[in-house]
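Here, each number is a calculation from the coordinates, and none is a lab measurement. Keep in mind it's a predicted model, so treat the numbers as computed, not measured. In this analysis, Cβ positions are derived from the backbone assuming ideal geometry, glycine residues included, and neighbour counts consider all displayed protein chains.
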Amino acid sequence: MLNNRTVELWQVLLSSSLRYIIFSGSAYTLFYVWKKRDWLRFKIQERFPGSSSIRTELLYSFSTTMIFGSVIYALLFSSFRKYTSLYDDIHEHSVAYFLLSVVVSVLIHDTYFFWTHRLMHWQKIFPYVHRVHHKSHNPTPLAAFSFHPLEAIIEIGVLPLILFTLPIHSAAVALFGLYMIVMNVLGHLGYELYPERFMKNRLLSRLLNTSTHHNMHHHYGKGNYGLYFNIWDRLMNTNHSQYEEEFLNVTHRTKALEEKGT
């Protein structure tokens, strides 16, 4: 008979897998199966990936969900929790702090991702850690968690960093996790949903990343290392030299096809 801790572990692992299935699977079904023809004009790379690439994305993503789930269980549900700065009483800090902790977590993750991502592109590390993720030259939403196990451990490493340094409510952790999976799926969507005018807004285009931004990283294998924001890429001059041109090319094509359709 399974004890309570084992049941809890499997519940967390199942929850981690379901989160991936719901968000990545729904986006894949919508854009690559059900509405494939309707959304074709938004496709960044006009071709579609082969079945072998999709199988690889699925295989490694489910491996990642198990690793993520195990770390989440250890930090939130095991005896290790007492060493974190987690709290459950919403009144322990203000509502304003609750919201601020989510924003700070996102900023920490964006910084953590940029620098670990650049490190994983170091040629002495890349073949053993990051190459798996770059097997998706033309990624689909299913590539959101397609990591080698070593990279999966590095990726989830941001969670203990946050939990051991920042007082944070468990619901704020859940909101941060929700933001992370949604933006990760959008980054690997393979479709550009922002309109052409986005790039003309200098504040937004210098602050936020786009699907084209991360798609180019997969396509060319270098540059565009950022996650949520474009701040670090601009500060470190690591945006792909043709990023803005590529975005405009994609959105111009989209606009032309829309006009032709009307």
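Rounded to whole numbers, the Karplus 3J(HN,Hα) couplings from phi for the stretch 10-17 are 5, 5, 5, 4, 5, 4, 5, 5 Hz, using 6.51 cos²θ - 1.76 cosθ + 1.60 with θ = phi - 60°, and x at Gly and Pro.
Looking only at the stretch 157-200, which residues have a backbone nitrogen under 18 Å from a spot 7 Å from the Cα of ALA96 in the C-beta direction? Output list for this probe position: 167-169. The mean of 1/r over all distinct Cα pairs in the stretch 1-145, once inverted, gives the Kirkwood hydrodynamic radius of 18.4 Å. Residues whose amide H comes within less than 5 Å of that of LEU208, counting only those at least five positions distant or on another chain, are ASN230 (H built at 1.01 Å from N in the peptide plane). For the residue pairs LYS43/LYS135; LYS43/LYS124; LYS35/LYS200, the C-alpha atoms sit more than 24 angstrom apart in LYS43/LYS124; LYS35/LYS200. Kindly state, to the nearest 0.05, the FRET efficiency for LEU107 paired with SER51, given R0 = 25 Å and r defined as their beta-carbon distance. Computed FRET efficiency for LEU107 and SER51 comes out at 0.05.
Subtracting the Cα-Cα distance of SER26 and ILE181 from their residue separation scaled by 0.36 nm leaves 54.6 nm. Rounded to the nearest 10 degrees, the inclination of helix 51-76 to the longest alpha-carbon principal axis of the chain is 30 degrees.
Working from label points 7 Å from Cα in the Cα-to-Cβ sense, the SER78 to TRP115 distance is 2.7 nm.
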